[in-house]
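Working notes, structure below.
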Amino acid sequence: MFFRTDMAVERRDLYRNANKIEDEINGIECEEEKKENITITRVKIKDKEGEKALNKKKGNYITIDVKKIHNISIETEENIIDTVTKELKAIIDMHIKPDEEVLVVGLGNLYSTPDSLGSKVVQNIEITRHIKMYLPNCIDKNTRSISAVTPGVLGTTGIESLEIVKGIVENVKPKLIIAIDSLCSKNIERINKSIQISDTGIVPGGGVRK
């Protein structure tokens, strides 16, 4: 089945509807949590059967959906931030220790609005690797070492993003990479309202390719 979406939760719903499945798909676990105007859907692909059904790699996919985001209070905004932080931290803690280094990669084209998310997020990340290396006494010893890069796109650099990131990884040797990118969704209502967090990697343009 071909899916024109990057969202695991949408692929699950499409597969269930297409195959008239009332219960859960074999090889898939799903749970939903609601609080105020936030819905958290956790989809876990457990095996090859689940991978084949959703055409996604085995692993965890957490979708955070927010309703009425244009008319929210400061308290609700903080709740959204706390929710995303909690879910992201849980994924990170599954794979690395608190003192191990992370590289953040902001994918996409800064000069193209729908593709600029990754680059813009990186601009607001607190970078700590250089401080921990050269001024360790000026930073809390429990602070994680964070570095970041925005590799741009092939059309403006002449180099595939993967080539740039691989070169950095070979030298910096982070324990984990957080890749940030815009995603393709089948539902226009998700624009600026949905965040997907996963621990399976990313395929740029995967939502629009056969």
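The values are calculated or read from the model by the stated rules, or taken from the named source; none is laboratory data. If you're wondering where the values come from, they're calculated on a predicted model, not measured in any experiment. Because the Cβ atoms are built from the backbone with ideal geometry, glycine has one as well, and the counts that use them run over all protein chains shown. Just the protein is used for accessible areas: all its heavy atoms, side chains included, with ligands, DNA and RNA removed. Shrake-Rupley method; radii C 1.70, N 1.55, O 1.52, S 1.80 Å.
Below are the figures for this structure:
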quantity: Leading residue by the ranking (nearest to Glu189 (Cα to Cα)) among those in segment 40-61 that are at pLDDT 95 or above and polar (S, T, N, Q); calculated: Thr41
quantity: In segment 1-39, the residues that are over 22 Å from Ile188 (Cα atoms), out of contact with any strand residue (DSSP E or B) (no Cβ under 8 Å at 6 or more places or on another chain) and of a type in the set (A, V, I, L, M, F, W, C); calculated: Ile21, Ile25
quantity: Close pairs (8 angstrom Cβ cut-off, 6 or more residues apart or separate chains): among the polar types (S, T, N, Q) in segment 11-35, open to solvent by 80 Å² or more (accessible area, probe 1.4 Å) anywhere; calculated: Asn26/Glu49
quantity: Tabulated pairs, segment 139-157, first without any contact (Cβ under 8 Å) to a residue 12 or more places away in the chain, second among the polar types (S, T, N, Q) and open to solvent by less than 30 Å² (accessible area, probe 1.4 Å), C-beta under 9 angstrom, 6+ apart or interchain; calculated: Ile139/Thr128; Leu154/Ser161
quantity: Residue that is least open to solvent (accessible area, probe 1.4 Å) [pool: residues in segment 125-153 that are part of a helix (DSSP H, G or I) and of a type in the set (A, V, I, L, M, F, W, C)]; calculated: Ile131
quantity: Test set (1) among the β-branched types (Val, Ile, Thr); (2) under 23 Å from Gly118 (Cα atoms); (3) under 19 Å from the mean Cα position of the chain (by Cα) - Ile45 fails condition number; calculated: (2)
quantity: Flag if Asn71 is without any contact (Cβ under 8 Å) to a residue 24 or more places away in the chain, within 16 Å of Ile178 (Cβ to Cβ) and open to solvent by 70 Å² or more (accessible area, probe 1.4 Å); calculated: no
quantity: Filter result for Lys58 (surrounded by 13 or more Cβ atoms within 10 Å (Cβ to Cβ) and out of contact with any His (no Cβ under 9 Å at 6 or more places or on another chain)); calculated: yes
quantity: Residue that is farther than 25 Å from Thr63 by Cα, of a type in the set (D, E, K, R) and open to solvent by 70 Å² or more (accessible area, probe 1.4 Å), where the choices are Lys166, Lys175, Lys120; calculated: Lys166
quantity: Residue satisfying condition, being part of a loop (DSSP other than H, G, I, E, B) and crowded, with 16+ Cβ neighbours inside 10 Å, within set Ile25, Ile80, Ile64, Ile40; calculated: Ile25
